[in-house]
Structures are given as structure tokens and as C-alpha cells.
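The values are calculated or read from the model by the stated rules, or taken from the named source; none is laboratory data. Since we're looking at a predicted model, the values are computed, not measured. Cβ: placed from backbone, ideal geometry, glycine included. Neighbour counts: every protein chain shown. For accessibility, only protein heavy atoms count, side chains too; no ligands or nucleic acids. Shrake-Rupley method; radii C 1.70, N 1.55, O 1.52, S 1.80 Å.
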Amino acid sequence: AQSVAQPEDQVNVAEGNPLTVKCTYSVSGNPYLFWYVQYPNRGLQFLLKYITGDNLVKGSYGFEAEFNKSQTSFHLKKPSALVSDSALYFCAVRDALSAGGYNKLIFGAGTRLAVHP
Amino acid sequence: SAVISQKPSRDICQRGTSLTIQCQVDSQVTMMFWYRQQPGQSLTLIATANQGSEATYESGFVIDKFPISRPNLTFSTLTVSNMSPEDSSIYLCSASNRGNGEQYFGPGTRLTVT
């Protein structure tokens, strides 16, 4: 079965420190992977994606993610966290088994990032 | 990327009534999706709406409860029918043009049923 796991409900980081939000996946075929961020009372905002190519993907707001095929992981990273990065982060993978080419996404449970001053 | 708006942004409704949520995209898109999200929780896909065809519903969601329209390539509506307090949630629409699964989301509609 295809799935995405975010093993941490919450990640706490001090401002200025590097942050990592973890994601592992299980899919059939090549994975198409995404990270989204949700600020309070807002919709999801697209951060970055991995389709093919370099394993290190750079995205919005200084975030990047590293695709690791052997570990089936796609961890989100940022070298220096900001208080304004505090939000709910979702990892997602394209459902390769979507019928009719609808390209549904399978979302992880979400990880709440709290950056403390 | 596409810019997506939703109306209403929030509403408080009485049980037994229905609410229609509108989703407008600033460009033509192939696929639109409707999700439900409890605050702080993950997203649950309700259905996929493609222009010119019936919506495709996920397990646990039925057309009678969540009828969807997709009259053109920039607009869709979701109706939550015969509401109960269990329908209180955030409803999100998204749009996609890309075969890789990339989606863009609206701001959501926060529904409270009393």
C-alpha cells in the first residue's frame, strides 16, 4: 500500500538553529514527493517537490529537502530557523495508483514546527 | 502556480441545512479536488472533480451528501447536505494541471454546524 509517514507530531527548534522535519514514504514505482506548509487559519502552501534529478531540492522560504531513495525518505530542512517558520508541515506523495490519471496526493499526518526565540 | 479563492471563508449553520462552498481558480485547470480537514489534522480527500464528467468520490463519501459541480475549467462547488455537527470541519479545494500530482490550495472554508 502506498503511504507517507511523518514520525514526529511536533518539532521544537531554537531560532537560528537548523531544522529537520522528517518524512518517509512507501510507493509503487518512482516517487513524486511534495512538501506543503499550513499557517494558522490558512490553506496549504506549496514549498517544494521532487520529481527527478538532483536529490537536494530547493524550495520557497529557504527550505530544502533531500531525497534518499535507499532510506525512502524526503526530509525537509532549513539551515537557520525563523520564528515565522512556526507552522504545520505536510509531506505528500503522488498516488501512482490513482485511477484515470487523477494524480491524487497522499498526505502524511503533519508535523507541527515550533521555533522559539 | 494558480491562485485559488473560496467562498465563504467561514459559516455557522444549523443541523439539517445545506451549505454550498465555491472554489474559483484564476486560470484554467484540469483537475480540482475537495478535501476535509479537522483543525491541526491531516487532509482527507472527499472527491476529484473534472470538467465535463461526474465527480469521483473516495471511500466513505457519497454524492447525495456531498454533491459537486464543475461547470467549467475555473470553477467548482461542493455542497454539504443535511448537515450534522459531525460535518464541522475545514473544507479545502485544490487545483492541478500537472500530471506529477502538484496541487495548489484555496484558503479553506471553516464550517461549524450547531
Exactly one condition in (1) facing another protein chain (nearest Cβ under 10 Å); (2) in contact with a strand residue (DSSP E or B) (Cβ under 9 Å, 6 or more places away or on another chain); (3) open to solvent by less than 60 Å² (accessible area, probe 1.4 Å) is false for A:Arg42; which is it? (3)
Residues located in the stretch B:1-27, provided they are within 13 Å of chain A (Cβ to nearest Cβ), open to solvent by 80 Å² or more (accessible area, probe 1.4 Å) and among the β-branched types (Val, Ile, Thr): B:Val3
Conditions (1) farther than 12 Å from A:Lys22 by Cα; (2) more than 7 Å from chain B (Cβ to nearest Cβ); (3) touching a residue at least 24 places away in the same chain (Cβ under 8 Å); (4) in contact with a strand residue (DSSP E or B) (Cβ under 6 Å, 6 or more places away or on another chain) -> A:Tyr61 fails only (4)
Within the stretch A:55-68, does at least one residue satisfy the condition of being farther than 17 Å from B:Ser94 by Cβ, touching a Pro at 6+ places or on another chain (Cβ under 9 Å) and either among the hydroxyl-bearing types (Ser, Thr, Tyr) or assigned to a strand (DSSP E or B) (or both)? yes
Count of the stretch A:25-36 residues which are part of a strand (DSSP E or B) and more than 11 Å from chain B (Cβ to nearest Cβ): 3
Condition first: away from chain B (no Cβ under 14 Å), β-branched (Val, Ile, Thr) and in a loop (DSSP other than H, G, I, E, B). Can you find one or more residues in the stretch A:70-93 that meet it? yes
Go through the stretch B:28-114 and tell me which strands (runs of 3 or more DSSP E), entirely inside it, have 2 or more residues that are open to solvent by 20 Å² or more (accessible area, probe 1.4 Å). B:43-50, B:68-72, B:75-80, B:109-113
Which members of the stretch A:66-87 meet the condition of being under 21 Å from A:Tyr32 (Cα atoms) and open to solvent by less than 10 Å² (accessible area, probe 1.4 Å)? A:Ser73, A:Phe74, A:Leu76
Expected single match for of a type outside the set (Asp, Glu) and within 11 Å of chain A (Cβ to nearest Cβ) among B:Thr112, B:Thr74, B:Thr48 is B:Thr48
